[in-house]
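Participant: This structure is in structure tokens; I'll ask about it shortly.
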Amino acid sequence: MGTALVYHEDMTATRLLWDDPECEIERPERLTAALDRLRQRGLEQRCLRLSAREASKEELGLVHSPEYVSLVRKTQVLGEEELQALSGQFDAIYFHPSTFHCARLAAGAGLQLVDAVLTGAVQNGLALVRPPGHHSQRAAANGFCVFNNVAIAAAHAKQKHGLHRILIVDWDVHHGQGIQYLFEDDPSVLYFSWHRYEHGRFWPFLRESDADAVGRGQGLGFTVNLPWNQVGMGNADYVAAFLHLLLPLAFEFDPELVLVSAGFDSAIGDPEGQMQATPECFAHLTHLLQVLAGGRVCAMLEGGYHLESLAESVCMTVQTLLGDPAPPLSGLMVPCQSALESIQSARAAQAPYWKSLQLQDVTPVPTSPSTHSPEGRPPPLLPGGPMCKAAAPAPAPSSLLDQLCLCPAPSVRTTVALTAPDITLVLPPDVIQQEGSALREETEAWARPHESLAREEALTALGKLLYLLDGMLDGQVNSGIAATPASAAAATLDVAIQRGLSHGAQRLLCVALGQLDRPPDLAHDGRTLWLNIGGKEAAALSMFHVATPLPVMTGGFLSCILGLVLPLAYGFQPDLVLVALGPGHGLQGPHAALLAAMLRGLAGGRVLALLEEDSTPQLAGILARVLRGEAPPSLGPSSVASPEDVQALMYLRGQLEPQWKMLQVRLIAEAWLCPGARLCHRGRWGGQGK
Ligand code: Q9C
Ligand code: ZN
């Protein structure tokens, strides 16, 4: 459906005319650097280019007072000294004769973007604007911001498009207190912001930036603040914040539109933020938001002052909006202690208002009937599990992962290699129906150890799957769907795992739904992470072999994905993902689509889905669309997780947390965290923004 890029070069006009070390970082080159890089990467050309218009007086009046708007209008005719004097009345602000025009274009760009998305002209988009907006208030400029672009867009989406639920995600490193003030009593706007806080010692030094500011009146629980109390937050911290705080609330809220206050001063190298998240992280944040609101995501530039880091991060965001798979994240995926403390205090502050947080944070970790431990906590697992003598060594850096980072997306995004269901009618045009098959003798050799693969139909299906898998491992195809007779599903999956591991995958994640037996000789060597949902087993058998019951309600399914599957997957960093819907998997189309869509964030999108031959064409069709980058349909208002679902999840967490740090949502006493083990990227990104 397309991605809009909204811009106008007039927005490079406003600039600082006098000496002010605080304001000099907000420069015209921010826009040109981002745009130049988008052109260099061929990304601008793939977008629908829209020229920004000026917001009208009435549109500005949606959030600003008429007196303030006319005050800003008058700056057009002021001389330099008067401009400087007026600027001094606000905190961290400069005015230029072109500021009024630029700020109206910035607000107008957001309005155009929202109109383009809500009329269905495009699926999503980015507005590249300055001045930024999120600090600006009803009658005050603040922190380089003149008009509150994102807040105006939200008010407009409510007023002109009749929306009732809008999510604003503010990933800028500063607190968008302007947005918070404008919507703090409004339950139709859920505002999430993380920000450098340092216990109140960082600008804008506000008590109301802390986690316990949760909105007021009707809006209680619709303001979500995540204060970072240390600098140096990185990829693992940001992803953990999304999985354990933002996304549970966002799914429960069920937004009709997602607006992003997309500041990139939260990226590595930025002189303001001093954080460590790499540009690829913004691909993941974007990807994770695209599963909401049917993929209607409107991002608007806020801060970002390290030109190189800004330009790369903008490219990652646009690339992901366009539907390209996110590049794998680098670095150890271990959130730091301070981040976990912040996430936990925000969860605690929000728990009274959100069902998705309630059961989990008040339920003590249960004991399993089979494995009582005196402390009431399940026994933690040895790294490799009971069958493994030595702790699994960290697998060597994956050559496939490196390849994924360096190579452009394959020309064919998704292939479908189905035997029985004829799904040509429900396939999007760029999904290729695979003709090829692996060589007969080779297929037979792989099939030989498995009785269930002796039948002709099973062999034919296996040949197609092997051919597809090779295409993915060679980098010719990004993702695919294969089908197999139900009776051969477990054996086919076993072969796919072995073949993947022997043909270049260093770390393979296998998510098996339903009755799919764990391959009998599956190693515990750390190269395969086996995760079964809804099979016969229901426990963590080792760090790499995990089984859990199928949650019965939508709420339980979501907490299983956000609280277990994705933390394990992000911690494992696979370079190939197999997701198999086996006998009795019990997933409905939208649930399966959501799982596949979210797993596409791993392994550079290299996901192979294995279905049973008698699955409906609709199921295959919806998976094909999601694997090629379309948004999954939204699940609607989510029911609560059942107490059994919560218990199962909490029990597994208790067992697995010591090894898989991405699972942690609260601090555990025995945590042996090593803060020094976090990767440092100073070499590439260090230094100050120019
Ligand atoms: N060194 C935006 O990013 N100065 N505004 C803080 C602390 C003000 C940031 C000084 C920063 C304003 C949109
Ligand atoms: Zn900022």
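The values are calculated or read from the model by the stated rules, or taken from the named source; none is laboratory data. Just so it is clear, the model here is predicted, and its values are computed rather than measured. With ideal geometry, Cβ positions are generated from the backbone for all residues, glycine too; neighbour counts draw on all protein chains shown.
Participant: Mind checking whether some residue in region 499-507 is touching a His at 6+ places or on another chain (Cβ under 9 Å) and of a type outside the set (Ser, Thr, Tyr)?
Facilitator: no
Participant: Quick check on region 199-226: of everything there that is in a helix (DSSP H, G or I), over 25 Å from the mean Cα position of the chain (by Cα) and within 16 Å of ligand 1 (Cβ to nearest atom), which residue is surrounded by the most Cβ atoms within 10 Å (Cβ to Cβ)? Break it down stepwise before answering.
Facilitator: Taking region 199-226 as the starting set, the residues that turn out to be in a helix (DSSP H, G or I) are 199-200, 207-209, 217-219.
Those left that are additionally over 25 Å from the mean Cα position of the chain (by Cα): 199-200, 207-208, 217-219.
When the remaining residues are screened for being within 16 Å of ligand 1 (Cβ to nearest atom), the result is 199-200.
Working: HIS199: 9, GLY200: 13.
The selected residue is GLY200.
Conditions (1) of a type in the set (Gly, Ala, Ser); (2) over 12 Å from TYR7 (Cα atoms); (3) within 16 Å of ligand 1 (Cβ to nearest atom); (4) out of contact with any Asp or Glu (no Cβ under 8 Å at 6 or more places or on another chain), marked per residue:
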{"site": "LEU78", "(1), (2), (3), (4)": "no, yes, no, yes"}
{"site": "GLU81", "(1), (2), (3), (4)": "no, yes, no, yes"}
{"site": "GLN89", "(1), (2), (3), (4)": "no, yes, yes, yes"}
{"site": "TYR94", "(1), (2), (3), (4)": "no, yes, yes, no"}
{"site": "LEU113", "(1), (2), (3), (4)": "no, no, no, yes"}
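Participant: Follow-up question, since we're still on this one. Filter region 182-198 for residues that are in a helix (DSSP H, G or I) and buried (at least 19 other Cβ atoms within 10 Å of the Cβ) and give the result.
Facilitator: LEU182, PHE183
Participant: Identify, please: which residue in region 311-330 is part of a helix (DSSP H, G or I) and in contact with a Lys or Arg (Cβ under 6 Å, 6 or more places away or on another chain) and is, among those, nearest to ligand 2 (Cβ to nearest atom)? Walk me through how you get there before you give the answer.
Facilitator: Here is the first cut: in region 311-330, the residues part of a helix (DSSP H, G or I) are 311-321.
Applying the additional criterion that residues be in contact with a Lys or Arg (Cβ under 6 Å, 6 or more places away or on another chain) yields 311, 315.
Numbers: ALA311: 16, CYS315: 19 Å.
Residue satisfying both the conditions and the ranking: ALA311.
Participant: Then there's this: Can you tell me which residue within region 9-38, out of those that are within 16 Å of ligand 2 (Cβ to nearest atom) and closer than 17 Å to LEU126 by Cα, is surrounded by the fewest Cβ atoms within 10 Å (Cβ to Cβ)?
Facilitator: Among those that are within 16 Å of ligand 2 (Cβ to nearest atom) and closer than 17 Å to LEU126 by Cα, it is LEU31.
Participant: Right, next: I need every pair where a residue in region 142-165 that is under 20 Å from HIS101 (Cβ atoms) and modelled with pLDDT of 95 or more has its Cβ under 8 Å from the Cβ of a residue that is more than 16 Å from ligand 2 (Cβ to nearest atom) and among the hydroxyl-bearing types (Ser, Thr, Tyr), sequence separation at least 6 or different chains.
Facilitator: Short answer, once both residue conditions are applied: VAL146/THR99.
Participant: Out of everything in region 140-169 that is in a strand (DSSP E or B) and under 24 Å from ARG53 (Cβ atoms), what residue ends up being nearest to ligand 1 (Cβ to nearest atom)?
Facilitator: Among those that are in a strand (DSSP E or B) and under 24 Å from ARG53 (Cβ atoms), it is CYS145.
Conditions (1) farther than 21 Å from PRO590 by Cα; (2) within 16 Å of ligand 2 (Cβ to nearest atom); (3) within 14 Å of the chain's Cα centre (by Cα); (4) surrounded by fewer than 24 Cβ atoms within 10 Å (Cβ to Cβ), marked per residue:
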| position | (1), (2), (3), (4) |
| --- | --- |
| SER261 | yes, yes, no, no |
| PHE264 | yes, yes, no, no |
| ALA267 | yes, yes, no, no |
| GLY273 | yes, yes, no, no |
| GLU280 | yes, no, yes, yes |
| ALA283 | yes, no, yes, no |
| GLN290 | no, no, yes, no |
| GLY294 | no, no, no, yes |
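Participant: Check every one of the helices (runs of 4 or more DSSP H) wholly within region 39-109 and list those with 1 or more residues that are at pLDDT 95 or above, crowded, with 18+ Cβ neighbours inside 10 Å and of a type in the set (Ser, Thr, Tyr).
Facilitator: By residue number, 66-74, 80-87.
Participant: A further question follows. So, in region 118-139, how many residues would count as being part of a loop (DSSP other than H, G, I, E, B), touching a residue at least 40 places away in the same chain (Cβ under 8 Å) and either on the phi < 0 side of the Ramachandran plot or within 16 Å of ligand 1 (Cβ to nearest atom) (or both)? If you could, list the steps in order and put the result at the bottom.
Facilitator: First, the residues of region 118-139 that are part of a loop (DSSP other than H, G, I, E, B): 119-123, 128-136, 138-139.
From what's left, touching a residue at least 40 places away in the same chain (Cβ under 8 Å): 120-123, 128-136, 138-139.
Narrowing the set further to residues that are either on the phi < 0 side of the Ramachandran plot or within 16 Å of ligand 1 (Cβ to nearest atom) (or both) leaves 121-123, 128-136, 138-139.
Here the count works out to 14.
Participant: Quick one: which residue in ALA641, ALA609, ALA596 is hydrophobic (A, V, I, L, M, F, W, C), touching a residue at least 60 places away in the same chain (Cβ under 8 Å), surrounded by 21 or more Cβ atoms within 10 Å (Cβ to Cβ) and not in a loop (DSSP other than H, G, I, E, B)?
Facilitator: On inspection, the qualifying residue turns out to be ALA609.
Participant: A further question follows. Suppose we filter region 300-348 for residues that are over 24 Å from PHE572 (Cβ atoms), among the acidic types (Asp, Glu) and buried (at least 21 other Cβ atoms within 10 Å of the Cβ); how many remain?
Facilitator: Within region 300-348, residues that are over 24 Å from PHE572 (Cβ atoms), among the acidic types (Asp, Glu) and buried (at least 21 other Cβ atoms within 10 Å of the Cβ) number 2.
Participant: Can you go through LEU501, LEU508 and tell me which one is closer than 20 Å to TYR570 by Cβ and either modelled with pLDDT of 95 or more or charged (D, E, K, R) (or both)?
Facilitator: Answer to the check: LEU508.
Participant: Test each condition in (1) assigned to a loop (DSSP other than H, G, I, E, B); (2) under 18 Å from PRO132 (Cα atoms); (3) among the aliphatic types (A, V, I, L, M) for LEU5 and report the one that comes out false.
Facilitator: Just one mismatch for LEU5, condition (1).
Participant: Let me ask something additional. Let me spell it out: the conditions are (1) over 15 Å from VAL579 (Cα atoms); (2) over 25 Å from the mean Cα position of the chain (by Cα); (3) surrounded by fewer than 22 Cβ atoms within 10 Å (Cβ to Cβ), and ALA540 meets all of them except one. Which number is the exception?
Facilitator: The failed condition is (3).
Participant: Just one of the numbered conditions (1) within 23 Å of HIS450 (Cα to Cα); (2) not in a strand (DSSP E or B) is not true of PRO551; which one?
Facilitator: (1)
Participant: Considering only residues that are in a loop (DSSP other than H, G, I, E, B) and within 15 Å of ligand 1 (Cβ to nearest atom), which ones fall in region 275-310?
Facilitator: Taking region 275-310 as the starting set, the residues that turn out to be in a loop (DSSP other than H, G, I, E, B) are 275-276, 278, 290-292, 296, 302-306.
Correct list: MET275, GLU302, GLY303, GLY304, TYR305, HIS306.
Participant: Checking LEU473 against (1) in contact with a His (Cβ under 9 Å, 6 or more places away or on another chain); (2) closer than 14 Å to TRP446 by Cα, which test does it fail?
Facilitator: (2)
Participant: Among (1) surrounded by fewer than 24 Cβ atoms within 10 Å (Cβ to Cβ); (2) in contact with a Lys or Arg (Cβ under 8 Å, 6 or more places away or on another chain); (3) in contact (Cβ under 8 Å) with a residue 60 or more places away in the chain, where does HIS244 come up short?
Facilitator: (1)
Participant: Report, by residue number, each residue of region 473-488 that is free of Cβ contacts under 8 Å to residues at least 60 places away in the same chain and farther than 22 Å from ASP614 by Cβ.
Facilitator: Of region 473-488, the ones free of Cβ contacts under 8 Å to residues at least 60 places away in the same chain are 474, 487-488.
If the condition is that a residue be free of Cβ contacts under 8 Å to residues at least 60 places away in the same chain and farther than 22 Å from ASP614 by Cβ, then ASP474 is the only one that fits.
Participant: Another one. I need the full set of residues from region 155-182 which are more than 16 Å from ligand 2 (Cβ to nearest atom) and touching a helix residue (DSSP H, G or I) at 6+ places or on another chain (Cβ under 7 Å), in order please.
Facilitator: Correct list: HIS156, ALA157, HIS161, LEU163, ARG165, ILE166, LEU167, LEU182.
Participant: Output the number of the condition that VAL129 fails; it satisfies all remaining conditions of (1) out of contact with any helix residue (DSSP H, G or I) (no Cβ under 6 Å at 6 or more places or on another chain); (2) within 16 Å of ligand 2 (Cβ to nearest atom).
Facilitator: (1)
Participant: Restricting attention to region 431-471, which residues are part of a loop (DSSP other than H, G, I, E, B), touching a residue at least 12 places away in the same chain (Cβ under 8 Å) and of a type in the set (Lys, Arg)?
Facilitator: Within region 431-471, just ARG455 meets the criteria.
Participant: Could you list, in sequence order, all residues of region 3-62 that are away from ligand 1 (no atom under 16 Å from the Cβ), charged (D, E, K, R) and touching a residue at least 24 places away in the same chain (Cβ under 8 Å)?
Facilitator: ASP10, ASP36, ARG37, ARG41, GLU44, ARG46, ARG49, ARG53, GLU54, GLU59
Participant: Mind listing whichever residues of region 559-583 are assigned to a loop (DSSP other than H, G, I, E, B) and either of a type outside the set (S, T, N, Q) or at pLDDT below 95 (or both)?
Facilitator: PRO574, ASP575, GLY582, PRO583
Participant: Mind checking which pairs have a first residue in region 257-271 that is charged (D, E, K, R) and a second that is within 13 Å of ligand 2 (Cβ to nearest atom) and assigned to a strand (DSSP E or B), Cβ under 9 Å, 6 or more apart or different chains?
Facilitator: ASP265/ARG196
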